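The structure appears right after this line, and notes come after that.
The values are calculated or read from the model by the stated rules, or taken from the named source; none is laboratory data. Please read all numbers here as calculations on a predicted model, not as lab measurements. For neighbour counting, all protein chains shown are included, and Cβ atoms are generated from backbone atoms with ideal geometry for every residue, glycine included. These accessible areas exclude ligands, DNA and RNA; they are computed on the full protein's heavy atoms, side chains included. Shrake-Rupley method; radii C 1.70, N 1.55, O 1.52, S 1.80 Å.
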Amino acid sequence: MDLVIFLPLLIVMGAFMFFASRRQKKAMQATIDLHNSLQVGDRIHTTSGLQGTITGIGDDYVDLEIAPGVVTTWMKLAVRDRVVDDVDGVEVEDDDADFEESQSEASEPRSKATEIADSPNTKD
């Protein structure tokens with residue numbers, strides 16, 4: 001009798017655990033696929049938010065160039081994702097039309113902001 005009462009609860013908990021573990025396995029497989037597809041020259045983000053370009057790859061590490069001439073070594077597990085440049089989705093605007101508009105509005109000030117000449121935080 002007591003088993004009949006707890007059976008629906010056990011079924012719901014079992015289903016939840018099944019779907020949660022399935023989602024975790026998919027995420028882990030996506031991370032493994034990313035790490036296996038890394039190549040020298042790829043731009044990446046690390047889990048700490050740093051962007052860099054891969055200059056060398058080992059079994060468990062990557063060398064990242066984070067500034068010109070500055071190369072650091074990171075574990076592959078720290079790579080979060082690859083930076084993808086979206087060149088196809090960028091629209092090229094007509095620069096001549098923008099230039100002509102800016103020249104016609106050159107007599108008007110662009111900003112209505114007021115400049116503060118004296119700083120209240122300075123000591124005399």
With the dipole of the range 15-89 defined by +1 on each Lys or Arg Cβ and -1 on each Asp or Glu Cβ, the option from HIS35, ALA20, ALA78 whose Cα lies farthest towards the positive pole is ALA20
Cα pairs beyond 15 Å in the range 17-59, in percent, come to 56 percent
In nanometres, the difference between 0.36 nm per residue of separation and the alpha-carbon distance of PHE19 and VAL84 is 20.4 nm
Share of accessible surface on carbon and sulfur in the range 1-42, whole %, 1.4 Å probe and ligands ignored, is 72 percent
Residue by residue through the range 54-59, the couplings from Karplus 6.51 cos²θ - 1.76 cosθ + 1.60 with θ = phi - 60°, in Hz, x for Gly and Pro, are 6, 10, x, 10, x, 5
Reported to the nearest 10 Å², HIS35 has, with a 1.4 Å probe, an accessible area equal to 20 Å²
The answer for ASP42, listing residues at least 5 apart or on another chain whose modeled amide H is closer than 5 Å to its amide H, is ILE54
